[in-house]
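**Q** One structure coming up, written as structure tokens, with questions to follow.
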Amino acid sequence: MEMLATQIQLAPLVIAANSIPLAGAVMLLISFGSEKKKSITVFQSWKYLLPGSVLLATGVFAWYDSVGRVGASKEGLLAGPLETVVILLLARAALSEKLSRLQLAGVMIALAGFFATVMSSGLDALITFGDIEAMLSATAFGSGIIFITKLAKTHSAQAVTGSSLFISGLILAMILWTTQAPAISAQDWMVLLLFSLLPLTAALTYVVGLSRIGASLTSIIGSFSIILTVVFQLALLWQNVEVILPANIPLAVAGGIMGVFGIYLIHRTKKTF
């Protein structure tokens, strides 16, 4: 995403509004081919599908735009821990359960890592607009996961992934084409088509994780992307590829490690006190 925004100069909304519905359409075709009419029943659960897709669309746009402003590593370092905290608090609010002491400790550590990452930009720009967008994307994704998890319990992972991506992508596409008419070359379309395979794969494997190993283990495993993004960016930088990195990389990495550890503690136990 960062490479498309910085190297090819594609606007974040152009990327999101084209790649996301493409990914959803491909997944729906695969789902329909394997499940026939059974896959269409997911659209009957519109009470979960529609709000989940709206939140997903909000999260995707804020995520992509934030990456273009502060870089992929900082966006992930900020959004990862915050998204898990949002999911936990919303789930607990819906179930009217108390947090365990270990979970409270995990929340505190995750938030400490979050603030460490915020400070990695330096005192001159403590909180940037890109940081705020990363927070918005985490909040939107965390809220949307609550609805997507409901869908994953009664429908296949392929149907849930395809329908949520397609509807959220259509929302973004309507916003794009009603506000502007971007000129997209044939080469750009090919790049967007190939790029759409990434959100498709990420969303599908995440939903499969929700349905097969549960939200807790899926979240813990997925949290390692927080650190992997930094590793990949440093590898690109070593190859003389221009990337957007935080001003204070050690502080950002330390914040990411704290975030991953906090996420682990949050999902370490289900016991409440």
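**Q** Would you check if Ser211 is on the phi < 0 side of the Ramachandran plot, open to solvent by less than 30 Å² (accessible area, probe 1.4 Å), assigned to a helix (DSSP H, G or I) and of a type in the set (Ser, Thr, Tyr)? Give the steps one after another, and end with the answer.
**A** Details: on the phi < 0 side of the Ramachandran plot: yes; open to solvent by less than 30 Å² (accessible area, probe 1.4 Å): no; assigned to a helix (DSSP H, G or I): yes; of a type in the set (Ser, Thr, Tyr): yes.
The answer is no for Ser211.
**Q** Here's a check for you: in the stretch 219-259, which residue that is touching a Gly at 6+ places or on another chain (Cβ under 8 Å) and β-branched (Val, Ile, Thr) is modelled with the highest pLDDT? Spell out how you get there, then give the answer.
**A** Applying the first criterion (touching a Gly at 6+ places or on another chain (Cβ under 8 Å)) to the stretch 219-259 yields 221-223, 225-227, 229-230, 233, 243-248, 254-259.
Then keep just the ones that are β-branched (Val, Ile, Thr); that gives 221, 226-227, 229-230, 243-244, 257.
Details: Ile221: 77, Ile226: 78, Ile227: 80, Thr229: 83, Val230: 82, Val243: 80, Ile244: 78, Ile257: 88.
Residue satisfying both the conditions and the ranking: Ile257.
**Q** I'd like the full set of residues that are closer than 23 Å to Ala112 by Cα and more than 11 Å from the chain's Cα centre (by Cα), limited to the stretch 41-79. Don't jump to the end; show me each part of the working.
**A** Kept after step one, since they are closer than 23 Å to Ala112 by Cα, are these residues of the stretch 41-79: 59, 62-63, 66-67, 69-79.
Within the stretch 41-79, Ser66, Val67, Arg69, Val70, Gly71, Ala72, Ser73, Lys74, Leu77, Leu78 qualify.
**Q** Could you tell me whether the stretch 45-66 includes any residue that is open to solvent by less than 60 Å² (accessible area, probe 1.4 Å), farther than 29 Å from Arg212 by Cα and modelled with pLDDT of 85 or more? It would help to see each step written out before you state the result.
**A** Restricting attention to the stretch 45-66, the residues satisfying the condition of being open to solvent by less than 60 Å² (accessible area, probe 1.4 Å) are 45, 49, 51-53, 55-60, 62, 64-66.
Among the residues that remain, those that are also farther than 29 Å from Arg212 by Cα are: 65-66.
Pick out the ones that are also modelled with pLDDT of 85 or more and you get 65-66.
Yes, the stretch 45-66 has at least one match.
**Q** Could you tell me which of the residues Ser185, Ser196, Ser219, Ser223 is open to solvent by 30 Å² or more (accessible area, probe 1.4 Å) and of a type in the set (Gly, Ala, Ser)? Write out each step before concluding.
**A** Numbers: Ser196 fails: open to solvent by 30 Å² or more (accessible area, probe 1.4 Å); Ser219 fails: open to solvent by 30 Å² or more (accessible area, probe 1.4 Å); Ser223 fails: open to solvent by 30 Å² or more (accessible area, probe 1.4 Å).
Step by step, each of Ser185, Ser196, Ser219, Ser223 is checked, and only Ser185 is open to solvent by 30 Å² or more (accessible area, probe 1.4 Å) and of a type in the set (Gly, Ala, Ser).
**Q** Also, quick follow-up: In the list Phe166, Phe141, which residue meets the criterion of being modelled with pLDDT of 80 or more, open to solvent by 20 Å² or more (accessible area, probe 1.4 Å), farther than 24 Å from Ser73 by Cβ and assigned to a helix (DSSP H, G or I)?
**A** Phe166
**Q** Given the criterion touching a residue at least 12 places away in the same chain (Cβ under 8 Å) and not in a helix (DSSP H, G or I), identify the matching residue among Pro182, Pro199. If you could, list the steps in order and put the result at the bottom.
**A** Details: Pro199 fails: not in a helix (DSSP H, G or I).
The conditions single out Pro182.
**Q** Please work out if Met108 is surrounded by fewer than 21 Cβ atoms within 10 Å (Cβ to Cβ) and modelled with pLDDT of 85 or more.
**A** Details: surrounded by fewer than 21 Cβ atoms within 10 Å (Cβ to Cβ): yes; modelled with pLDDT of 85 or more: yes.
Yes: the conditions hold for Met108.
**Q** What single numbered condition from (1) at pLDDT below 80; (2) within 27 Å of Gly106 (Cα to Cα) fails to hold for Gln180?
**A** The single condition Gln180 does not satisfy is (2).
**Q** Same structure, new question: Looking for whichever is in contact with a Phe, Trp or Tyr (Cβ under 9 Å, 6 or more places away or on another chain) and under 29 Å from Ala25 (Cβ atoms) here; the options are Thr218, Thr229. Which one fits?
**A** Values: Thr229 fails: in contact with a Phe, Trp or Tyr (Cβ under 9 Å, 6 or more places away or on another chain).
Criteria check complete, one pass: Thr218.
**Q** Looking for something over 24 Å from Ser156 (Cβ atoms) and assigned to a loop (DSSP other than H, G, I, E, B) - is there at least one such residue anywhere in the stretch 252-262?
**A** Looking only at the stretch 252-262, we keep the residues that are over 24 Å from Ser156 (Cβ atoms), and these are 252-262.
Within this subset, residues satisfying the condition of being assigned to a loop (DSSP other than H, G, I, E, B) are none.
No, the stretch 252-262 has no match at all.
The values are calculated or read from the model by the stated rules, or taken from the named source; none is laboratory data. Computed from a predicted structure; not experimentally measured. Quick reminder, even Gly has a Cβ in these numbers, built from the backbone with ideal geometry, and neighbours come from all protein chains shown. Only protein heavy atoms, including side chains, enter the accessible area calculation; ligands, DNA and RNA are left aside. Shrake-Rupley method; radii C 1.70, N 1.55, O 1.52, S 1.80 Å.
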